[in-house]
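Visitor: Encoded as structure tokens, here's the structure I'll be asking about.
Nothing in this text is a laboratory measurement; each read-out follows from the coordinates by a stated rule. Only a predicted model underlies this, so the values are computations on that prediction, with no experimental measurement involved. Using ideal geometry, Cβ is built from the backbone for each residue, glycine included, and neighbour counts are taken over all protein chains shown.
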Protein chains: 2
Amino acid sequence: MSDILEDLFSYVRFASVSADPRYKDQLQACADWLVQRFERAGLEAKKHPTAGHPIVVAKTAAQPDQKTVLIYGHYDVQPPDPLELWSSPPFEPVVRDGRVIARGAADNKGQLLPHLFGVEQALKEHTLPVNVIFVIEGEEESGGKNLGIFLEANNEALRCDVAVISDCPMIAPDVPTLLYGTRGVVCLEVTLTGPAADLHSGLFGGLVANPANVLNRLLSGMHHPDGSVAIPRFYDRVLGLDDWERDLWTKLPINDAHWLKLTGAPELAGEAGFSSLERAWSRPTMDVNGLVGGYTGEGPKTIVPSKASAKISFRLVPDQDPDEIRALVRQYLAEHCPSSVHMSITDHHQGKPYLIRANSPFALAAKTALEASFGSPAALVRAGGTLPILETLRESLGIDTLLVGLEWLDCQIHAPNENFPIKNLALGIEMNRRLLTEIAKV
Amino acid sequence: MSDILEDLFSYVRFASVSADPRYKDQLQACADWLVQRFERAGLEAKKHPTAGHPIVVAKTAAQPDQKTVLIYGHYDVQPPDPLELWSSPPFEPVVRDGRVIARGAADNKGQLLPHLFGVEQALKEHTLPVNVIFVIEGEEESGGKNLGIFLEANNEALRCDVAVISDCPMIAPDVPTLLYGTRGVVCLEVTLTGPAADLHSGLFGGLVANPANVLNRLLSGMHHPDGSVAIPRFYDRVLGLDDWERDLWTKLPINDAHWLKLTGAPELAGEAGFSSLERAWSRPTMDVNGLVGGYTGEGPKTIVPSKASAKISFRLVPDQDPDEIRALVRQYLAEHCPSSVHMSITDHHQGKPYLIRANSPFALAAKTALEASFGSPAALVRAGGTLPILETLRESLGIDTLLVGLEWLDCQIHAPNENFPIKNLALGIEMNRRLLTEIAKV
């Protein structure tokens, strides 16, 4: 245990903040450290330059008769700000209450190292049952596009059977968790322009369309009163839940009181006819992310605003397609926006929803390995967020991904005092070894 | 003519900006100048201190058998900013193209002086047919409440039969205009709070109510699709237009092309079944003045906002009552806001709508005087804005007000290069004299 803890300390000491150009050298040094560490473990490792931060690829010596597993991780971290809220310096790791406190301890450095150690042990024992390719990128926290380009360009060299990622939370401490589905997303921005400038609401109110009024009508028209999305054909491709999923989710150690506490909302609310978990994980949404128009300072100002705009996002579920949903949204807007205002739409990012069959051979292999390592039944969960890497791996390499998280919900990722439970380092090594063994049996 | 022009130059040289405490001395000096000028004209004048800027009152020697006319004006002006857009310094008057260019030239100094000169001439000729009380305040441009307090406290000393104000535009150059009605206003602000902080729209979207979504629904529910206001009982007290008003307004030298040019909107729009002028002058409205919530910076941010808020104003028409409408709006909000968000409502200002009978003896006196002075038929118009002074005069002194504007629509009031047409100084003197004569005949 002291070996992996020492390595984790070394790894988190790199301030590998990908979003901030001032840390560029730290990312290079961190990638170099990884290359050397993989080489020491017996892998062939290389730092690949990209238009942004480098990608580290490390491979075990290929055995042509074995399956190949791609293990993904990222060595970049979120910015440490606000620094004043940290109890110790973010890049000087300390141990407290059984956890390592440091930026990147959980996201993603502490979740990657157990895989490295698991493969290293198996190599030493000459028992590695599969070929392993590690792909560790440096732009996950800053939305870089270079990983996708790299995977596309090297899809022959990276050919594999399945991917494994530990970069997500366990549903509760000590409950091993297989994440088998995520939601997708479509983001856009709508701006309405009415009068050329803000107008006096007395002199002109009632004469011209008020773009803020029109925006409210356009946006509220996107929902039915029962909370479902009212855009025509929006639900055409939405997969319903299987009975086993509904049943299993009612038994998870997460309830409405948990969500209420976490959100601080007056009550839980959403599409009628679905439980909280069903809504968060398996139902699509439309959310206004930002609204602005007219006068937003102190006190009143009686104007008809010239402009009003909204940023909106749709969370999508399998088998909704972002391109198709974007087209439906644009069609709705075009059909409902009156000619009394000018509308402009800006497309922002999108990502596909993701789902693997929870009874597929690889998923069952993951479930078996998780339960044997942690000694308790695995939770099969989905997530409401979007993980673009899943679709990138599927599209460039044609593979499914097994998401086997090692962090806890209270690990404070992206926040001050990020931490990682030390016990999950050892459990993670064991899980890696069992998982590769189970995958080899498929 | 050179006398009144010289006095206007003196009057506008005072930088009597009431909103800015740095100009306090200028307001005092300006009030002193007025007192002296009224005294020179033969009136008894006094500067009355208030909690804010002083009020100047000037009276002719009372003849008990004559009617008494209160002429209202204000000696304070709007701030001159932005200074760089003025073609000459705002408080150094110049004449160009037949107009005096200076801050306050039109609003309200150039519109007041003709009344002073008219009364002065009549006094000299011993032909003044009414008693006159000038009340000139110094807080009109900064929303001061001291005039109302002063009028209430001195309603015996200020007892009169009718008020006259020239502080509004003529509908077109050379078209004498009697403004016989204005709209009222009710302003408030609604803030909805959902989650305690902005939430990740992937992890939490669909679990809790999004206050921006709820706000859109609440606000859009305030309108019917035909553009009318959907709040129950909102129209209960709305007076319809008389046939003569509809007829007269179709003949006014102001058409849809004019409004389109003035607003720069893609098209005119509003409540179905009414012409543009009818909507602007005689129909109530609900306008969102400002909207804000969630992320409003560049690009996307996929959050469920914690808060969203809107400033809204309602323009009211006779006989709607601001208190009653505010209560109806609050009732609508309370009944429609779901318990999944917390709502807080902040009341902002309000003002009553105003209407005088256009065929009342005083109104007909004004019409006769206007037509005789300008040599063309008078336009009888209403205005979409709100003039709190009208209700203040009605409530404290029990009188109607004749609004006989001398400025033009292009006088740039509240804007750089404010100006006043020199010809309206002489026309204004004549109008004052004829008006007082006609009032005496009532």
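Visitor: Using a Gaussian network model of chain B whose springs link C-alpha atoms within less than 10 Å, name the residue from B:D242, B:D25, B:D319 with the highest mean-square fluctuation.
Guide: Per the Cα network of chain B with a 10 Å cutoff, B:D242 tops the list.
Visitor: Provide an ascending nm list, one decimal, of label-point separations from A:E84 to the equivalent residue in each further copy; define each label point as 7 Å from Cα along Cα→Cβ.
Guide: Nearest first, the other copies' label points are 3.5 nm away.
Visitor: Trypsin sites (Lys or Arg not before Pro) within region B:71-177: which are DSSP loop residues with at most 16 other Cβ atoms inside 10 Å?
Guide: Numbers: sites: B:R96, B:R99, B:R103, B:K109, B:K124, B:K145, B:R159; in loops: B:R103, B:K145, B:R159.
In loop regions of region B:71-177 (DSSP not H, G, I, E or B), the sparsely surrounded trypsin sites (Lys or Arg not before Pro) are B:K145, B:R159.
Visitor: Another one. Cα to Cα, under 16 Å, and not fewer than 8 places away if on the same chain: which aspartates and glutamates meet these conditions relative to A:K124?
Guide: Straight-distance partners of A:K124: A:D3, A:E39, A:E44, A:E430.
Visitor: Turning to a different aspect of this structure: Between A:W259, A:L219, A:V208, whose Cα lies farthest towards the positive end of the dipole of region A:202-266 when Lys and Arg beta carbons carry +1 and Asp and Glu beta carbons carry -1, centred on the Cα centre?
Guide: Result: A:V208, furthest along the dipole toward the positive end.
Visitor: While we're on this one: Counting other C-beta atoms within 10 Å, and keeping those with at most 15, which DSSP coil trypsin sites (Lys or Arg not before Pro) do you find in region A:300-401?
Guide: A:R357
Visitor: Each residue of region A:104-118 in order: what ³J(HN,Hα) in whole Hz does its phi give by Karplus 6.51 cos²θ - 1.76 cosθ + 1.60, θ = phi - 60°, with x for Gly and Pro?
Guide: x, 4, 9, 10, 9, 5, x, 8, 7, 4, x, 5, 4, 5, x
Visitor: Further question: Defining the label point at 7 Å along Cα→Cβ, can you sort the distances from A:A426 to the same site in each other copy, shortest first, in nm?
Guide: 10.5
Visitor: Continuing with this model, one more query. Using the Cα centre as the reference, give the magnitude of the dipole from point charges on the C-beta atoms of the protein assembly as shown (Lys, Arg: +1; Asp, Glu: -1; all else neutral), rounded to the nearest 20 debye.
Guide: Values: 80 positive and 110 negative charges, 57 e Å.
With only Lys, Arg, Asp and Glu charged at Cβ, the dipole is about 280 debye.
Visitor: Next question. In terms of the Cα gyration tensor, with a ≥ b ≥ c the square roots of its eigenvalues, is the protein assembly as shown rounded because a/c is under 1.5, prolate because a/b exceeds b/c, or oblate?
Guide: In terms of gyration-tensor shape, prolate.
Visitor: When a/c is below 1.5 the answer is rounded, else prolate if a/b is larger than b/c, else oblate, so apply that to region A:175-235 with a ≥ b ≥ c taken from the square roots of the Cα gyration tensor eigenvalues. Numbers along the way, then the final one.
Guide: Working: a/c = 3.78, a/b = 2.74, b/c = 1.38.
The shape class here is prolate.
Visitor: With a point put 7 Å past each Cα toward its Cβ, work out how far B:E430 is from B:D347 in nm, to one decimal.
Guide: For B:E430 paired with B:D347, the spin-label model returns 4.9 nm.
Visitor: Quick one: if the Förster radius is 56 Å, what FRET efficiency do B:Q63 and A:A257 give, using the C-beta to C-beta distance and rounding to 0.05?
Guide: On the way: r = 82 Å, r/R0 = 1.47.
After rounding to 0.05, the efficiency reads 0.10.
Visitor: Longest segment of chain B with no GluC sites (Glu not before Pro) in a DSSP loop having at most 11 other Cβ atoms within 10 Å? Don't skip to the end; give the middle numbers.
Guide: Working: sites that count: B:E125, B:E156, B:E298.
That gives B:299-442 as the longest site-free run.
Visitor: Can you list residues from other chains, or at least 5 along the same chain, whose modelled amide H is less than 5 Å from the amide H of B:H349?
Guide: Amide H neighbours of B:H349: B:C187.
Visitor: Sticking with this one: Rounded if a/c is under 1.5, else prolate if a/b beats b/c, else oblate: with a ≥ b ≥ c from the C-alpha gyration tensor eigenvalues square-rooted, which is region A:200-262?
Guide: It is oblate, given that a/c is not under 1.5 and a/b is not larger than b/c.
Visitor: Count, for each residue of B:253-264, the Cβ atoms from other chains sitting within 10 Å of its Cβ, then give me the mean as a whole number. Each step should come with its number before you reach the end.
Guide: Numbers: counts 0, 0, 0, 1, 0, 0, 3, 3, 1, 7, 11, 8.
Mean shielding count: 3.
Visitor: Using a Cα-Cα cut-off of under 20 Å, which lysines could be cross-linked to B:K441, ignoring same-chain neighbours fewer than 8 residues away?
Guide: Straight-line reach from B:K441, under 20 Å: B:K67, B:K367.
Visitor: Just to confirm the numbers: A:P21, label point 7 angstrom along the Cα-Cβ line, distances to the other copies in nm, shortest first?
Guide: So the distances to the same position in the other copies read 4.5 nm.
Visitor: Another one. Between A:H342, A:Q331, A:G273, whose Cα lies farthest towards the positive end of the dipole of region A:219-353 when Lys and Arg beta carbons carry +1 and Asp and Glu beta carbons carry -1, centred on the Cα centre?
Guide: A:H342
Visitor: Additional query: Using Cα positions and a limit of under 29 Å, work out the lysines in reach of B:K24, with same-chain residues fewer than 8 apart set aside.
Guide: Leaving aside lysines fewer than 8 places away in the same chain, those within reach of B:K24 are A:K301, B:K46, B:K47, B:K59, B:K109, B:K145.
Visitor: On to the next question. Could you work out [θ]222 nm for chain A from helices alone, using -39500 (n - 2.57) per DSSP H run of at least four and dividing by all its residues? Round to the nearest 500 deg cm²/dmol.
Guide: -10000 deg cm²/dmol
Visitor: Can you figure out the FRET efficiency of B:L239 with B:N155, using R₀ = 22 Å and their beta-carbon distance, to the nearest 0.05?
Guide: Efficiency computed from Cβ-Cβ geometry: 0.20.
Visitor: With θ set to phi - 60° and the Karplus curve 6.51 cos²θ - 1.76 cosθ + 1.60, what are the ³J(HN,Hα) couplings of region A:173-178 in order, to the nearest whole Hz, using x for Gly and Pro?
Guide: With coefficients 6.51, -1.76 and 1.60, one gets x, 6, 9, x, 10, 10 Hz.
Visitor: Under a point-charge model restricted to the Cβ atoms of Lys and Arg (+1) and Asp and Glu (-1), what is the dipole moment magnitude of chain A relative to its Cα centre, in debye to the nearest 20?
Guide: Details: 40 positive and 55 negative charges, 55 e Å.
Result for chain A is approximately 260 debye, rounded to the nearest 20.
Visitor: Moving on to the next point. Under a point spin-label approximation (7 Å from Cα along Cα-to-Cβ), what is the B:E6-B:E267 distance to one decimal in nm?
Guide: In this crude label model, B:E6 to B:E267 measures out at 5.8 nm.
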